[in-house]
């Protein structure tokens, strides 16, 4: 199963008829350029789970920054780092 399929399965497993009306997953672009991902974890098994802020700066175009605050996993990264951002979330989610 690839990275995107795993994210889709995590999302689907949390859709219960109510959760998906208020929460979800958002992937967007940055103007510097790069990617952002926001995954709502409120009312999931990940709510309240500790996440240590991650800040990796390899170069101006190869970087990631991830944090969890206010019930949302937030990740940002360079133009080639979208899959890495998703993998950071999935690794954290699977170790619950």
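Only the coordinates and a few stated rules stand behind these numbers; no lab work does. Quantities reported herein were computed from a predicted structural model and do not represent experimental measurements. Using ideal geometry, Cβ is built from the backbone for each residue, glycine included, and neighbour counts are taken over all protein chains shown.
Numerical summary
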{"quantity": "Residue 38/residue 59 FRET efficiency (R0 25 Å; Cβ-Cβ; nearest 0.05)", "calculated": "0.55"}
{"quantity": "Calculated FRET value between residue 31 and residue 8, using beta carbons and R₀ = 25 Å, to 0.05", "calculated": "0.40"}
{"quantity": "Highest-fluctuation residue, 82, 30, 46 considered, GNM on the chain with Cα pairs under 10 Å", "calculated": "30"}
{"quantity": "Viscosity 1.002 mPa s, temperature 20 °C, Stokes-Einstein D of region 3-94 from Kirkwood C-alpha radius, µm²/s", "calculated": "159"}
{"quantity": "Angle in degrees between helix 82-94 and the longest Cα principal axis of the chain, rounded to the nearest 10", "calculated": "40"}
{"quantity": "Sites residue 83 and residue 20 - FRET efficiency at Förster radius 25 Å, r taken between beta-carbons, to 0.05", "calculated": "0.60"}
{"quantity": "Residue order, fewest to most surrounding Cβ atoms within 10 angstrom, among 25, 39", "calculated": "25, 39"}
{"quantity": "With Cα atoms, 0 to 90° folded angle of helix 3-14 axis to the chain main axis", "calculated": "30"}
